[in-house]
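Here is the structure we will look at.
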Amino acid sequence: MKRIIIAIDGHSSSGKSTMAKDLAKEIGYIYIDTGAMYRAVTLYALQHGYFSGETIKEDALRQALPSIHIAFRLNPQTGRPDTYLNGVNVERDIRSMEVSDKVSLVAALKFVRQAMVAQQQEMGKAKGIVMDGRDIGTTVFPDAELKLFVTASPEVRARRRLDELKAKGENTTYEEVLANVKKRDYIDSTRQESPLRKAPDAIVLDNSEMTIAEQKAWLLEIVRQRIQDIQV
Ligand code: DC
């Protein structure tokens, strides 16, 4: 069976990561969460005092970049990959509000993007991957065999994110999360470097009114069809 690249882009908290993870598991592909890579760089920058308010010390980060090593290792308990920063499991820390609040600033830096994109292209060389992010179908793998663009209303996305944060014991409000979702949408889609855009050949999925099970069934059908079309 020919293996393909599945690129899943879309807005933050649109549920694309859950969808991509489940899909990869179901079809035996490797899952790469590129947002986690930008989050890990942001965590490093926070740990090393590179932020003062909304400003980042770009030179310091540029110099440190070669010593930032990001890897994914399967967690046998969850069956999903955890993110490691210089050998330390940071899966939990990179999802904090503190990182969420700063990550768009880091993801807008050209030198950071160039380094991450090069690593992502390397990871996808052997195909058989599901990669999710913002620029996968447009910049990282413009020739991906299947591209999806996932979205939902900001309110639905804020509610989902709030539930996730609460489940992890983070103390935050709906208003705060909604503001963060809207702020990230704005920065992600208006930045100079690889702004969040739908690739012309991507299939759009608005899952505001869909359950995870409905979404899964819809997606599996599309993937099976695409893999079948490619064999002939
Ligand atoms: O998907 P996420 O919320 O974990 O992504 C975190 C941030 O990283 C988000 O602000 C967008 C950015 N990002 C990006 O610019 N390009 C990617 N390929 C993935 C994420």
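Between Arg3 and Glu214, residue separation times 0.36 nm minus the direct Cα-Cα distance comes to 73.5 nm. Where the centroid of each part is defined by its Cα atoms, how far is region 9-44 from region 149-208 in Å? If you average the Cα positions of each part, the centres end up 13 Å apart.
Taking amide H atoms as placed 1.01 Å from N in the peptide plane, the amide H of Val150 lies under 5 Å from those of Asp9, Gly10, His11, Leu205, each 5 or more residues away in sequence or on another chain. Summary: within the chain, the longest segment free of trypsin sites (Lys or Arg not before Pro) located in DSSP loops with at most 12 other C-beta atoms within 10 Å is 3-91. Among the listed pairs Lys2/Lys183; Lys21/Lys57; Lys127/Lys168; Lys168/Lys216; Lys125/Lys166, those with a Cα-Cα distance over 31 Å are Lys2/Lys183; Lys21/Lys57; Lys127/Lys168; Lys125/Lys166.
Shown in residue order for region 145-150 are the 3J(HN,Hα) couplings computed by the Karplus curve 6.51 cos²θ - 1.76 cosθ + 1.60 at θ = phi - 60°: 5, 9, 10, 10, 10, 9 Hz (x for Gly and Pro).
Its Cα centre serving as origin, the chain has a Cβ charge dipole (Lys and Arg +1, Asp and Glu -1) of approximately 380 debye. Taking amide H atoms as placed 1.01 Å from N in the peptide plane, the amide H of Ala144 has no partner under 5 Å among residues 5 or more positions away or on other chains.
Karplus-based coupling profile of region 123-140, in residue order and whole Hz: 5, x, 3, 7, 6, x, 10, 10, 10, 10, x, 10, 10, 5, x, 9, 10, 6, with θ = phi - 60° in 6.51 cos²θ - 1.76 cosθ + 1.60 and x standing for Gly or Pro. Rounded, prolate or oblate: which one fits region 91-133, using the alpha carbon gyration tensor with axes a ≥ b ≥ c (rounded when a/c is under 1.5, else prolate when a/b beats b/c, else oblate)? Since a/c reaches 1.5 but b/c is at least a/b, the shape of region 91-133 is classed as oblate. Positive end of the dipole of region 84-211 (Cβ unit charges, origin at the Cα centre): among Leu109, Thr151, Val181, the Cα lying farthest that way belongs to Leu109. If R0 equals 41 Å, the separation of the Cβ atoms of Ala126 and Ile187 corresponds to a calculated FRET efficiency of about 0.80. For the chain, the longest principal axis of the Cα atoms and the long axis of helix 212-231 meet at an angle of about 60 degrees. The stretch between Arg62 and Lys110, if pulled fully straight at 0.36 nm per residue, gains 16.3 nm over its current Cα-Cα span. In units of the rule-of-thumb radius 2.2 N^0.38 Å, region 85-165 shows an alpha carbon radius of gyration of 1.27.
Remark: spin-label model distance Glu170-Val204 equals 2.9 nm, labels positioned 7 Å along the Cα→Cβ axis.
Let's test the formula: R0 of 25 Å, r as the Cβ-Cβ distance of Ala71 and Ser96. What FRET efficiency results, to the nearest 0.05? The calculated FRET efficiency here is 0.80. Here the scattering of the chain is modelled by Debye summation over its C-alpha atoms, one equal scatterer each and no solvent; at q = 0.11, 0.12, 0.15 Å⁻¹ the log10 of I(q)/I(0) is -0.54, -0.65, -1.05.
Only the coordinates and a few stated rules stand behind these numbers; no lab work does. The model shown is predicted, which means the values in this text are computed figures rather than measured ones. So basically every Cβ, Gly included, is an ideal-geometry build from the backbone, and we count neighbours across all protein chains shown.
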